[in-house]
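Reading through the C-alpha cells given below for one structure.
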Number of protein chains: 2
Amino acid sequence: MCELLAMSANVPTDIVFSFTGLAQRGGVTGPHVDGWGITFYEGKGSRTFKDACPSSESHIAKMLQSYPIKSEVVISHIRQANRGCVSLENTHPFTRELWGRYWTYAHNGQLSEYDDKFIVSRFQAVGDTDSELAFCWILENVVNKFGEHEPDDVRSVFQYIASLADEIRELGVFNMILSDGDHVMSYCSNHLCYITRKAPFGQAKLIDTDVVIDFDKETTTNDIVTVIATRPLTHNEQWHILDAGDWELFCKGERVVYL
Amino acid sequence: MCELLAMSANVPTDIVFSFTGLAQRGGVTGPHVDGWGITFYEGKGSRTFKDACPSSESHIAKMLQSYPIKSEVVISHIRQANRGCVSLENTHPFTRELWGRYWTYAHNGQLSEYDDKFIVSRFQAVGDTDSELAFCWILENVVNKFGEHEPDDVRSVFQYIASLADEIRELGVFNMILSDGDHVMSYCSNHLCYITRKAPFGQAKLIDTDVVIDFDKETTTNDIVTVIATRPLTHNEQWHILDAGDWELFCKGERVVYL
C-alpha cells in the first residue's frame with residue numbers, strides 16, 4: 001500500500017506542512033520506502049519531483065521543505081512497491097497530455113487479473129505497474145468517448161472517469177487522485193479522506209511528526225484549501241472519510257456539487 | 001535565442017560540470033533569464049526539473065549542482081523568451097509519451113508563419129510557444145507514419161524526424177535536441193556542436209566560469225560521453241561544429257553511423 005496526498009486551493013498555497021507529515025511515512029512512521037513523487041501545477045504548467053529513494057532520506061524532499069513551491073493543485077504519492085520493481089519509471093505520480101492539458105494521477109492499492117481488461121494503444125505504460133496501466137486505460141477510454149477535444153461540460157468527463165473507476169475497483173483496491181490542472185478528483189476504494197480549510201482558520205497538529213501550524217497566520221480570510229489523503233494527517237481536525245465507491249471533485253479548493 | 005545542452009553516455013554520468021557552465025548563461029554570462037529546465041533519464045524513467053526564474057539564481061539549479069544525478073541521457077535548456085510568455089508551461093524541455101517511452105525535446109530558435117503547418121490533434125501544446133507546437137507536430141507525424149507501435153528499426157524514425165526538421169527549418173531557426181530515452185538526436189539549423197570524450201581523458205576548462213575538471217579522475221577507461229550544446233562549453237577541447245541541416249544520432253555516448 002502507498003500514501004496519497006492532493007491539494008486544491010483558490011490561491012497559490014504551499015503544501016509543506018502536509019508534505020512534511022506525509023514524507024515521514026516514507027521510512028520513519030510508515031513502511032513506504034520505495035520512492036515518492038509530487039506534482040505542482042502552476043497555471044497550465046506543472047512540474048514533478050520524484051525520487052526512487054525513501055522520502056524521509058531524500059535530498060529533493062528536503063529541498064522542497066526548505067524552498068516551498070506555491071501551487072493551486074498538488075498531487076503526491078509515497079510508494080511501498082507491490083506490483084512493479086523499485087525504479088523511477090514506476091514512481092507515481094504519472095502524467096500524460098490530453099486536450100492540451102497535463103493530466104496527473106496517483107494510485108493506492110493493488111489490482112489483479114487486469115491483463116484482459118487494460119487494453120491500450122494510444123496511451124501506453126512506460127513502467128510495469130498496474131497503476132500506470134490503469135491510468136492509460138482511463139485516458140484511452142476518455143478519448144474514445146469524448147474525442148480529440150475537451151467537451152464544454154468537463155464535469156461529464158469526471159463522471160465518466162468515476163464509472164471507469166467503478167470497473168477498476170472490481171479488480172482490487174483502487175484509491176485514486178487525478179487532476180487535469182484545474183480540478184482534483186478523488187475516488188475511494190477503502191482509504192481516502194479530505195478536509196476543506198477556510199476562515200476562521202485554527203491550529204493543526206500533524207500526526208506523524210511533532211509539528212503544529214497556525215493556519216490563521218499563514219492565510220488570508222479568502223483562502224479555501226482542500227487537502228485529500230489516504231489517512232488523516234492531523235489530530236484535532238475533522239476529516240471527511242469517504243466510503244467505498246465514493247468520489248469527489250474539487251476546483252479552487254471547493255467541492256464541485258452536481259445539481 | 002536559448003541555450004541547449006544534451007548528454008549521451010554509456011554509463012550513468014553526472015552532468016554537473018557542463019550544467020554549471022550552462023547555468024551561468026542564465027543571467028550571468030548570457031541573457032537567458034526566462035527559465036530553464038533539465039531532464040534526466042534513469043532507465044526508462046525520467047525526471048524533469050524546471051524553473052521559470054533564471055538558472056543562475058534558482059534554488060533547484062543549486063540543488064542539482066550539490067546533489068548530482070547520474071544519468072545516461074540528459075536534455076537541458078535555458079530560455080530567453082521570444083514566442084510565448086515566461087511561465088512554467090512554456091519552459092523546455094517538453095515531454096510526451098509515445099510507444100511506452102518518454103520523448104523529451106528542447107528547441108533553440110524562432111519560427112514564423114507556422115499556423116497552417118502545425119496542424120495537430122492527438123498531441124496538443126499546453127503552452128503557447130512555437131517550440132512545443134513543433135514538437136507536437138513531429139510526434140503527430142511520427143504516429144501517422146509508423147502507427148501505434150515502435151518499428152524494429154528505430155533509426156528509421158529518427159531519419160524521418162530529420163526530414164520533418166528540414167521542413168520546420170524553412171520556417172525559421174530550428175536547432176533541436178530530442179531523446180526517446182535511449183537515443184539522443186541533434187538537429188542543427190545554425191548553432192549546434194558536440195564533443196565525444198573517451199579515454200585517454202584530459203582536463204577541460206569551462207568558458208563561462210572559472211572551473212576546471214580533470215576527467216581522468218572522474219571516469220573509468222571504458223566511459224564514453226558525448227555532450228551536445230548550442231555553443232562550445234569548454235576552451236582547450238575540439239568541438240565538432242554542425243552545419244545547417246546536419247543532424248546526428250547518439251546512443252550510449254557514441255555516434256550511430258548509418259551504413
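The values are calculated or read from the model by the stated rules, or taken from the named source; none is laboratory data. Everything numeric in this text was worked out from a predicted model, so none of it was measured. With ideal geometry, Cβ positions are generated from the backbone for all residues, glycine too; neighbour counts draw on all protein chains shown.
Below are the figures for this structure:
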item: Neighbours by Cβ (under 8 Å, 6+ apart or cross-chain): first from the stretch B:32-54, more than 9 Å from every other protein chain (Cβ to nearest Cβ) and closer than 24 Å to A:T91 by Cα; second assigned to a loop (DSSP other than H, G, I, E, B) and not β-branched (V, I, T); result: B:W36/B:P54; B:W36/B:S58; B:W36/B:R79; B:I38/B:P93; B:T39/B:P93
item: Set A:E248, A:E167: member being outside any loop (DSSP other than H, G, I, E, B), crowded, with 16+ Cβ neighbours inside 10 Å and acidic (D, E); result: A:E248
item: Breaking point among (1) modelled with pLDDT of 95 or more; (2) not in a loop (DSSP other than H, G, I, E, B), for B:Q124; result: (2)
item: Flag if B:F201 is part of a helix (DSSP H, G or I) and crowded, with 17+ Cβ neighbours inside 10 Å; result: no
item: Residue within the stretch A:76-88 that is among the aliphatic types (A, V, I, L, M), surrounded by 19 or more Cβ atoms within 10 Å (Cβ to Cβ) and within 14 Å of chain B (Cβ to nearest Cβ) present; result: yes
item: Scope the stretch A:55-79; condition free of Cβ contacts under 8 Å to residues at least 60 places away in the same chain and of a type in the set (K, R); matching residues; result: A:K62, A:K70
item: Residues satisfying the stated conditions in the stretch A:89-112, i.e. touching a Ser or Thr at 6+ places or on another chain (Cβ under 6 Å) and either hydroxyl-bearing (S, T, Y) or within 14 Å of chain B (Cβ to nearest Cβ) (or both); result: A:N90, A:P93, A:T95, A:Y102, A:T104
item: Options B:D208, B:D214, B:D223; residue that is surrounded by fewer than 15 Cβ atoms within 10 Å (Cβ to Cβ) and either hydroxyl-bearing (S, T, Y) or over 30 Å from A:A125 (Cβ atoms) (or both); result: B:D214
item: Yes/no for B:E150 being within 14 Å of chain A (Cβ to nearest Cβ), closer than 24 Å to B:W247 by Cα, touching a residue at least 24 places away in the same chain (Cβ under 8 Å) and within 18 Å of the chain's Cα centre (by Cα); result: no
item: Residue list for the stretch A:14-39, restricted to those being touching a Lys or Arg at 6+ places or on another chain (Cβ under 6 Å) and either modelled with pLDDT of 80 or more or surrounded by fewer than 22 Cβ atoms within 10 Å (Cβ to Cβ) (or both); result: A:D14, A:G35, A:G37
item: Matching entry among B:N141, B:N190 (being within 21 Å of B:Y105 (Cβ to Cβ) and free of Cβ contacts under 8 Å to residues at least 24 places away in the same chain); result: B:N141
item: Residue match in the stretch B:97-105 (condition: in a loop (DSSP other than H, G, I, E, B), modelled with pLDDT of 95 or more, crowded, with 16+ Cβ neighbours inside 10 Å and not β-branched (V, I, T)); result: yes
item: Qualifying residue in the stretch A:79-94 (condition: under 18 Å from the mean Cα position of the chain (by Cα) and assigned to a strand (DSSP E or B)); result: yes
item: Single unsatisfied condition, A:V143 versus (1) more than 20 Å from the chain's Cα centre (by Cα); (2) in a loop (DSSP other than H, G, I, E, B); (3) within 13 Å of chain B (Cβ to nearest Cβ); (4) of a type outside the set (G, A, S); result: (2)
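Per-residue answers, yes or no, for (1) modelled with pLDDT under 95; (2) under 23 Å from B:Q110 (Cβ atoms):
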| position | (1), (2) |
| --- | --- |
| B:G172 | no, yes |
| B:D182 | no, no |
| B:M185 | no, yes |
| B:F201 | yes, no |
| B:I207 | yes, no |
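Residues are listed down the side, and each one gets a yes or a no for (1) in contact with a strand residue (DSSP E or B) (Cβ under 8 Å, 6 or more places away or on another chain); (2) closer than 30 Å to B:F118 by Cα:
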position	(1), (2)
B:Y160	no, yes
B:S163	no, yes
B:N175	yes, yes
B:S189	yes, yes
B:G202	yes, no
B:D210	no, no
B:D214	yes, no
B:N222	yes, no
